[in-house]
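Note sheet for the following structure.
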Amino acid sequence: GLALALGAVWFSYATNYWFPWLVIAGGQLPCAAAWVLVAPKLFGGKAAGRSGAAELPEIPGFELFHPPIGEGAYGKVWLARNAAGQWVALKVVYLANFGQNAAPYEREFNGIKKYQLISDQHPNLLRIDFVSEKLAAGWFYYVMELGDALLPGWKKEPAAYRPRDLVSERARLPNRRLPVRDCVRIGLDLTDALEFLHRHGLTHRDIKPQNVIFVNGRPKLADMGLITDIRLFDLERTLVGTPGFMPPPPERPGTPQADIYALGMVLYVLSTGRAAAFFPEIATTLVTEGNPVDFLPLNSVILKACQPEAPDRYLSAAEMRAALEQVEKTLAAGQPG
């Protein structure tokens, strides 16, 4: 059998019989690629798996619009309109997406319920208006204020809605880099929100550019699904978050110091235009085209917030905010350092 197979390979190589097969294979590849693009439109995405995009939930009192405007490991966020005609964001969280362990599902539900109670008490936290009960079908949902739209006129075509977040802010700027003074202002808003959250015994656990959205032009911490009670260092915690914005192992998210690390990394990404994986490098264009004298005071805050060891970081979000306030004063005075 082996000899026969080897003979066939040699025959194909030594003759021109390989060419027709190449033509067939070459034709199949673009056809397959085209089918991948066309099939979802023909079948409405019905091949999606559990809680897939085709599974548009039916929730009394809300009209939901396809496709979802956000998606995470545990659920989807939909653009919705309530019975009063108000536009909102509605997130559905599915028990099935947690696998065999229901404990994280319970933690997410309890965390959202606690967060809802304080969500309207700080201007830089995304407000949650309603949290459903856990439904027998294995999911629950919650209703949030809607972020600013990237493009005008989306209400005539709801499928065109995309939220304005820090990712889209970076995308529209040269070198994907926000001006230093804008970074400082955003940092001041978010450290204040983070201090408020920590003071109420909660931690965010997934601070990153796409989880900071603008509402009426104001940056707000969003995607509150991973919010949970602050856990002590010596307690076992679920490893959740986004690589690059999580502190180095063995440290885990779930503490104020881990949130501070993540926020420091957000400021690094915004101010340098680089991905978190490049920290602490800075782009050469920042030196040649930007204003390094402005950047240096902010960079000192970023470096302290992103120290590998938690005790070397700011002790609290309030302390980090105080450092950013000093940077703001330095920039306003036009003084380096």
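The values are calculated or read from the model by the stated rules, or taken from the named source; none is laboratory data. Note that the structure is a prediction, hence the values are computed from the model and not measured. Every residue, glycine among them, receives a Cβ derived from its backbone with ideal geometry; neighbour counts consider all protein chains shown. Heavy atoms of the whole protein, side chains included, go into the accessibility calculation; ligands, DNA and RNA do not. Shrake-Rupley method; radii C 1.70, N 1.55, O 1.52, S 1.80 Å.
Extension gain, residue 71-residue 309: 0.36 nm per intervening residue step, less the Cα-Cα distance, totals 82.5 nm.
Dimensions of segment 242-322 based on its C-alpha atoms, expressed as ranges along the principal axes with the largest first, amount to 38, 27, 15 Å.
Of the two radii for segment 156-232, the radius of gyration is 1.03 times the Kirkwood radius, both from the alpha carbons; that is the Rg over Rh value. Using a Förster radius of 22 Å, what is the FRET efficiency between residue 167 and residue 318 based on their Cβ-Cβ separation? Nearest 0.05, please. For residue 167 and residue 318, the calculated efficiency is 0.20. Residue 270 exposes around 0 Å² of accessible area when a 1.4 Å probe is run over every protein chain in place. Straightening the chain between residue 200 and residue 296 buys 31.3 nm, computed as 0.36 nm per residue apart minus the Cα-Cα spacing.
If the chain between residue 157 and residue 55 were fully stretched, how many nm would it gain, using 0.36 nm times the residue separation less the Cα-Cα distance?
Between residue 157 and residue 55, full extension yields an extra 34.7 nm.
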